[in-house]
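Report on the structure given below.
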Amino acid sequence: MDRIRNYLFVVAGNFAAAYMIFPEGTIAKSMMFAALMLLLSMGMDFVKSKMGHSLEQQ
């Protein structure tokens, strides 16, 4: 549940930032940017969980 809340914050923040960056009146590019950034962050979390990355491992 904690990850879902973090992902919602990521989507909302990226959408707001992209809406301010792209000067068009439509939200299509902002939604596309937010979705791609969400996929990137979810992919990074997935890879990090599968790798079992820890500072204690050598």
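The values are calculated or read from the model by the stated rules, or taken from the named source; none is laboratory data. What you see is a predicted model, and the numbers here were worked out from it, not measured in a lab. Glycine gets a Cβ as well: all are built from the backbone with ideal geometry, and neighbour counts include every protein chain shown. Just so you know, the surface numbers come from the protein's heavy atoms only, side chains and all, with ligands and any DNA or RNA stripped out. Shrake-Rupley method; radii C 1.70, N 1.55, O 1.52, S 1.80 Å.
Give region 1-29 a look and list any residue that's farther than 19 Å from M42 by Cα, open to solvent by 70 Å² or more (accessible area, probe 1.4 Å) and in a helix (DSSP H, G or I), or say none.
Y19, M20, I21, K29
What are the pairs, 6+ residues apart or on separate chains, where a residue within region 1-25 that is charged (D, E, K, R) has its Cβ under 9 Å from a residue that is open to solvent by 70 Å² or more (accessible area, probe 1.4 Å)?
These pairs meet every condition: R3/M42.
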